[in-house]
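Here the structure comes first, spelled out in C-alpha cells, and everything after it is commentary.
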Amino acid sequence: MPYAPVNDTEIFYETFGALQPGQTPVLLIHGSTQTGRSCWYNVVSRLEREHFIILPDCRGHGKSGNPRLSYSFQEHAADMAALVRVLGFERAHIVGHSNGGNIALVILMEHPSVVQTCVIQAGNAWVSPDLVENEPSVFDPEVIARERPFWLREMQELHAGLGADYWRDLVRLTVEEIIREPNYTAEDLARVTRPAMIVQGAQDAVNAPMKHAEFMARHIPASELWVPENVGHNVHEDVLNEWLAHVTDFWARRGNAVSDTLYRYKLEHYPDERDGIFDVRLTADGTLTGTVLNEAMHAEARNLAGNVRADEIRILLTAETPWALVNRPVEDLRRGASLLTERVSQVRMGEAVRILEHQEDWTRVYLPHDGYTGWVHTRALYPCPEAHVRAYQADCTAIVSAMLAEACDEHGVPTQKLPFATQVKIIEIRAETAWLELPDGRRWQVRLTDLTLPEDRPDPTSEGIERTLHLMRRFAGVPYLWGGRTPYGFDCSGFAGTFYAFLGITIPRDADQQFMKGQPVEDPLQPGDLVFFGEFSQEDDIPGPDARGYVRKARITHVGISLGGEDFIHANGTDWGVSFNSFDPASKRYGKWLAENYRGARRFR
C-alpha cells in the first residue's frame, strides 16, 4: 500500500490514471468522517481516463495515521501541500468537498505555491452562527449511535484500522474544528491570486442559508461561482455529469498560467460578449486555441501568450468575413440555430450583418451596430459585398413613421408590413405612393404618408424629441416581447433603442449597456431622457455611485423613456406591454417598485 511520510505521520494515498506530458495532477480531498474512496470514487472512475488523480485519506481518516489525535484544517492543509511535494509535483489542481472544501480553501490561502487551480465545494470561509448552533448535535456520538446506525457502521468500517471506538474521537475532533475554523475575512480572501471556483448546491442545508459560496466568490479575485439548482450538499454525486463538465472546463480554461492570464484579461477588457468575444486558452501541448471576435483581439491574445507551439485561434471577423443585409421586415435573432432557443434581439430590414457560419437553414451573424451575435434564418439575408451594404444604407434616407406600413408588391398585392423606424430606400414617388427598393432589388410600394422623408426627419432637439415621443405614445398597449424591437412587440431596451433610432441615434442594445454609455443627468428630467431601474442583491451592501454615477452593485434590468417631469413610458412585463407610469406617489400611474428601484437617468444626443 502506498504511504507518504508527511509531517509527523504517514498519509495513505492512491493514484489513478497516467500522467501526460505538460499535465498537472488532480488532488481530491474528502469530506468529514469520509475517506478518499468513499467520497470520490465515482468521480475518479470518470476522471482517470484523461487525468492523473491523487486520492489521499486525510490525517486520522481511513488508513492514514493520527499520532497526536489532532484535527485542524490548518494541519490537514499542511499535510496535503506536503503530499503534493513528496510525490514530486510542484503544483496540483486542488479539489475539496465539505470539510475537504475548507481544507482546499486553507491550502489556497496558506500554501498557494502548490495550487494550480482550486475547487472549493460545500465549504465555508468563516464560522457562521448557524454552524455553531446546529453542528454539535449533528456530530454528537450518542445521537449518532442511537439515531444514525448507517453512518455509525460506515465510520467503523472506514476507520477500522484506527480502533473500534475511534469514530467517537473523530466526530468530537471534527465538530470542535467546524465551530472554530476557518475565519477568513473579505480582506483575507482578496489576497488570493490563484484561480478558484466555488461550488455549492442551491439546496445545501449546511452552507446555502448563509450564502457561504457567494461570500467567497464575491471576495476572491477572478473566482467563479456555480450554484446548481435543486441540488444539496453532495453536488459531485447528485449531478455527476454536470459536475464533471464544469470542473474539467474550469481546468481547461484556467489550468495553466497562460490560460489564467488570458481569462483575467478577458474579465478586465471583455467581461461581456456583447462587447467582444474573447475566449482563448493554452492547451497542455502548448497550442493556443479558442475564439476571438477580430484580428485586434487575436493580436492581444498572442502578445499575452508569448511563444506558443501552434496558433489555432478562430477569428470571427476578418476582411474576408462575408456581409449581408437583412431582407425581411423583421427577423428574430436567436441564441441557437432553432426556433426553440431564446430570442435575444431582432433585426430590421436593411440592417447589416456579418456572416460567421451556416448550419442547415440557419446562419450565425454578428451585428455591427450593437455587437450582438446570434442565429437568423438564412432566407432572411441578402448576401452582398460590403460596398453594396454601404451604398444601400446610404440611400436609406427615409424612415417608417407608421406603426406598421403596409407594403404591396409591384402589382399592388399586399405582401408585408414594415415596422416603425425601419430605414428605407425610396426610388420613386408617384402621387401618394412611395416605391421602395429592397436589398435584393425587389420593389415594394407603400403609402407616402406612412413614411417620414429625409428633409422632415426629426433631430434630437427639444422639438424633435417631442415629435418622436408623440409617435411613441401610440404604442401604448403593444405587447411586451423579450428581445422585441418593433410594434409587433417590444422589450424595454428595444423600445428605448427604437425611440432613439427614429432620431437618427444608435444606442447600445440592452438597458445595462445604455446606462453605462449614456451621459448622466440630474433632475429635472427632460423629455427623452432614459430612466433606469434595478434591484440590489440581498447579500450586497448598498454602495454609493462611482465618479460616473454608476451604481456598482445594483443590476440594471429595466429602462423607460421620460416624458418630462414625473411621468415616463416603457415596455414592461408587469403590464405585459407598453404603458405609462409615474414617480409621483399621488399619481394613479405611480409604480412603487419603480420608484424604490430607480437608479438614475441617462441622455444620448
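Only one of the numbered conditions (1) of a type in the set (A, V, I, L, M, F, W, C); (2) within 25 Å of P508 (Cβ to Cβ); (3) in a strand (DSSP E or B) is not met by I313, and that is (2).
I'd like the residue in the range 189-210 that is under 19 Å from the mean Cα position of the chain (by Cα) and over 25 Å from A257 (Cβ atoms) and, out of all such residues, is surrounded by the most Cβ atoms within 10 Å (Cβ to Cβ). So that I can check it myself, show each step before the final result.
So the first thing to find is which residues in the range 189-210 are under 19 Å from the mean Cα position of the chain (by Cα), and the list is 195-202.
Filter once more, so that each one left must be over 25 Å from A257 (Cβ atoms): 200-202.
On the way: Q200: 29, G201: 25, A202: 13.
Taking the candidates together, the pick is Q200.
For the range 137-148, the count of residues that are in contact (Cβ under 8 Å) with a residue 40 or more places away in the chain, over 29 Å from W251 (Cβ atoms) and assigned to a helix (DSSP H, G or I) is zero. Tell me yes or no: at least one residue of the range 63-84 is surrounded by 23 or more Cβ atoms within 10 Å (Cβ to Cβ), more than 13 Å from P182 (Cα to Cα), in contact with a His (Cβ under 7 Å, 6 or more places away or on another chain) and touching a residue at least 40 places away in the same chain (Cβ under 8 Å). Scanning the range 63-84, I find no residue that is surrounded by 23 or more Cβ atoms within 10 Å (Cβ to Cβ), more than 13 Å from P182 (Cα to Cα), in contact with a His (Cβ under 7 Å, 6 or more places away or on another chain) and touching a residue at least 40 places away in the same chain (Cβ under 8 Å), so the answer is no. Taking the criterion of being of a type in the set (A, V, I, L, M, F, W, C), in a strand (DSSP E or B) and touching a Lys or Arg at 6+ places or on another chain (Cβ under 9 Å), the residues of the range 287-310 that qualify are L288, V292.
Among the criteria (1) in contact with a Gly (Cβ under 9 Å, 6 or more places away or on another chain); (2) part of a strand (DSSP E or B), the one A205 does not fulfil is (2). Within the range 85-117, work out how many residues are free of Cβ contacts under 8 Å to residues at least 60 places away in the same chain, in contact with a helix residue (DSSP H, G or I) (Cβ under 9 Å, 6 or more places away or on another chain), surrounded by fewer than 24 Cβ atoms within 10 Å (Cβ to Cβ) and not basic (K, R). Total meeting the criteria: 5. Against the list (1) under 26 Å from T24 (Cα atoms); (2) surrounded by 18 or more Cβ atoms within 10 Å (Cβ to Cβ); (3) modelled with pLDDT of 95 or more, the condition T248 fails is (2).
Do any strands (runs of 3 or more DSSP E) lying entirely in the range 394-482 carry at least 3 residues that are closer than 22 Å to G504 by Cα, and which ones are they?
Working: elements: 398-400, 404-408, 414-419, 426-430, 433-437, 443-447.
The strands (runs of 3 or more DSSP E) meeting that bar are 398-400, 414-419, 433-437.
Results for (1) farther than 27 Å from T193 by Cβ; (2) of a type in the set (G, A, S); (3) modelled with pLDDT under 95, shown as yes or no for each residue.
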position	(1), (2), (3)
S38	yes, yes, no
L47	no, no, no
G60	yes, yes, no
S64	yes, yes, no
R68	yes, no, yes
A78	no, yes, no
A81	no, yes, no
N102	no, no, no
L108	no, no, no
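Figure legend. Inter-residue proximity from the range 176-188: first residues crowded, with 20+ Cβ neighbours inside 10 Å, second residues part of a loop (DSSP other than H, G, I, E, B) and aliphatic (A, V, I, L, M), beta-carbon distance below 8 Å, spacing 6+ or different chains. Indicated pairs: I178/V127; P182/A125; P182/V127; Y184/A125.
Yes/no matrix, rows are residues, columns are (1) outside the structural domain of T193 (by TED's automatic domain parsing); (2) under 30 Å from Q514 (Cα atoms); (3) of a type in the set (A, V, I, L, M); (4) within 21 Å of the chain's Cα centre (by Cα):
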residue: F250; (1), (2), (3), (4): no, no, no, yes
residue: E273; (1), (2), (3), (4): yes, yes, no, yes
residue: L282; (1), (2), (3), (4): yes, no, yes, no
residue: T287; (1), (2), (3), (4): yes, no, no, no
residue: M297; (1), (2), (3), (4): yes, yes, yes, yes
residue: A310; (1), (2), (3), (4): yes, no, yes, no
residue: P329; (1), (2), (3), (4): yes, yes, no, no
residue: D332; (1), (2), (3), (4): yes, yes, no, no
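Conditions (1) at pLDDT below 95; (2) in a loop (DSSP other than H, G, I, E, B); (3) closer than 23 Å to P439 by Cα, marked per residue:
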residue: A324; (1), (2), (3): no, no, yes
residue: R328; (1), (2), (3): no, yes, yes
residue: D332; (1), (2), (3): no, no, yes
residue: S338; (1), (2), (3): no, yes, no
residue: T341; (1), (2), (3): no, yes, no
residue: V344; (1), (2), (3): no, no, no
residue: V347; (1), (2), (3): no, no, yes
residue: V353; (1), (2), (3): no, no, yes
residue: T363; (1), (2), (3): no, no, yes
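Can you tell me which residue is farthest from A257 (Cα to Cα) among those in the range 1-23 that are among the β-branched types (V, I, T) and surrounded by fewer than 21 Cβ atoms within 10 Å (Cβ to Cβ)? Among those residues, the one meeting the criterion is T9.
Evaluated against (1) at pLDDT below 95; (2) under 28 Å from R274 (Cα atoms), K592 falls short on exactly one condition, (2).
Every residue, every condition in (1) at pLDDT below 95; (2) among the basic types (K, R); (3) outside any helix (DSSP H, G or I), yes or no:
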| position | (1), (2), (3) |
| --- | --- |
| P221 | no, no, yes |
| E229 | no, no, yes |
| L244 | no, no, no |
| R264 | no, yes, no |
| E268 | yes, no, no |
| V280 | no, no, yes |
| D285 | yes, no, yes |
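With respect to (1) under 23 Å from M210 (Cβ atoms); (2) surrounded by fewer than 19 Cβ atoms within 10 Å (Cβ to Cβ); (3) of a type outside the set (S, T, N, Q); (4) over 36 Å from the mean Cα position of the chain (by Cα), the lone exception for F139 is condition (2). One residue alone among L55, L28, L83, L19 is of a type outside the set (G, A, S) and assigned to a loop (DSSP other than H, G, I, E, B), and that residue is L19.
Within the range 227-256, residues that are on the phi > 0 side of the Ramachandran plot have Cβ atoms under 7 Å from residues that are modelled with pLDDT of 95 or more in these pairs: N230/A202; N230/Q203, counting only partners at least 6 apart in sequence or on another chain. Inspect the range 142-159 for any residue being of a type in the set (D, E, K, R) and assigned by TED's automatic domain parsing to the domain that holds H61 and give the result as yes or no. Taking every residue of the range 142-159 in turn, none turns out to be of a type in the set (D, E, K, R) and assigned by TED's automatic domain parsing to the domain that holds H61.
Among the listed residues L448, L471, identify the single one that is more than 20 Å from F532 (Cα to Cα) and either touching a Pro at 6+ places or on another chain (Cβ under 6 Å) or assigned by TED's automatic domain parsing to the domain that holds H570 (or both).
On the way: L448 fails: either touching a Pro at 6+ places or on another chain (Cβ under 6 Å) or assigned by TED's automatic domain parsing to the domain that holds H570 (or both).
Only one candidate passes the filter, namely L471.
Condition check for E406 on (1) under 17 Å from T486 (Cα atoms); (2) touching a strand residue (DSSP E or B) at 6+ places or on another chain (Cβ under 7 Å); (3) buried (at least 19 other Cβ atoms within 10 Å of the Cβ): one failure, at (3). Would you pick out the residues in the range 555-588 that are within 16 Å of Y598 (Cα to Cα), small (G, A, S) and surrounded by fewer than 22 Cβ atoms within 10 Å (Cβ to Cβ)? Within the range 555-588, G564, G565, S582 meet the criteria.
The values are calculated or read from the model by the stated rules, or taken from the named source; none is laboratory data. These numbers were taken from a predicted model, which means no experiment stands behind them. Please note: Cβ atoms are built from the backbone with ideal geometry, for glycine as well, and neighbour counts cover all protein chains shown.
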